[in-house]
Amino acid sequence: MSEDDDQVEARQKVEAFARRHALEHYEVVIVVASSPSEGIREYAGHTRDALVVLPTHGRTGLSRLLQASIAEDVATSVFPPVLTFRLT
């Protein structure tokens with residue numbers, strides 16, 4: 001199955017992040033599910049020895065309360081550890 005434009009863009013952003021931070025050993029996994037949180041939780045449940053890295057919009061205050069955060073939902077509900085970073 002080939003990646004769609006959004007998946008290609010996501011892969012490129014993660015790979016650019018990895019290059020900027022000199023990461024050498026990583027795997028980009030594209031998860032397609034009914035909801036992003038569900039797909040990530042399902043994948044993370046099978047990968048107990050990894051680190052899940054997720055981008056976040058970095059919302060604060062009222063906008064954070066009003067808009068769902070996939071990164072926050074995943075970070076508070078999965079093992080292995082989750083590292084979030086703000087998209088720039």
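The values are calculated or read from the model by the stated rules, or taken from the named source; none is laboratory data. Every value quoted in this text rests on a predicted model; they were computed, and no experiment measured them. FYI the Cβ positions are ideal-geometry reconstructions off the backbone, even for glycines, and counts take in every protein chain you see.
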Could you check how many residues of the range 11-35 are within 17 Å of Ala71 (Cα to Cα), small (Gly, Ala, Ser) and either surrounded by 11 or more Cβ atoms within 10 Å (Cβ to Cβ) or touching a strand residue (DSSP E or B) at 6+ places or on another chain (Cβ under 9 Å) (or both)? 2
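Do you know which of the residues in the range 3-36 that are of a type outside the set (A, V, I, L, M) and touching a helix residue (DSSP H, G or I) at 6+ places or on another chain (Cβ under 9 Å) is nearest to Val74 (Cα to Cα)?
Within the range 3-36, the first condition is being of a type outside the set (A, V, I, L, M), and the residues that meet it are 3-7, 9, 11-13, 15, 17, 19-21, 24-27, 34-36.
When the remaining residues are screened for being touching a helix residue (DSSP H, G or I) at 6+ places or on another chain (Cβ under 9 Å), the result is 3, 24, 26, 35-36.
Numbers: Glu3: 23, Glu24: 24, Tyr26: 19, Ser35: 11, Pro36: 9 Å.
Applying the filter and picking the extreme gives Pro36.
Looking at the range 52-68, which of the residues that are part of a loop (DSSP other than H, G, I, E, B) and either among the acidic types (Asp, Glu) or touching a Lys or Arg at 6+ places or on another chain (Cβ under 7 Å) (or both) is modelled with the lowest pLDDT?
Once the filter is applied, the top-ranked residue is Gln67.
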Scanning the range 4-47 residue by residue, the ones that are under 12 Å from the mean Cα position of the chain (by Cα), among the hydrophobic types (A, V, I, L, M, F, W, C) and either at pLDDT 85 or above or not in a loop (DSSP other than H, G, I, E, B) (or both) total 4
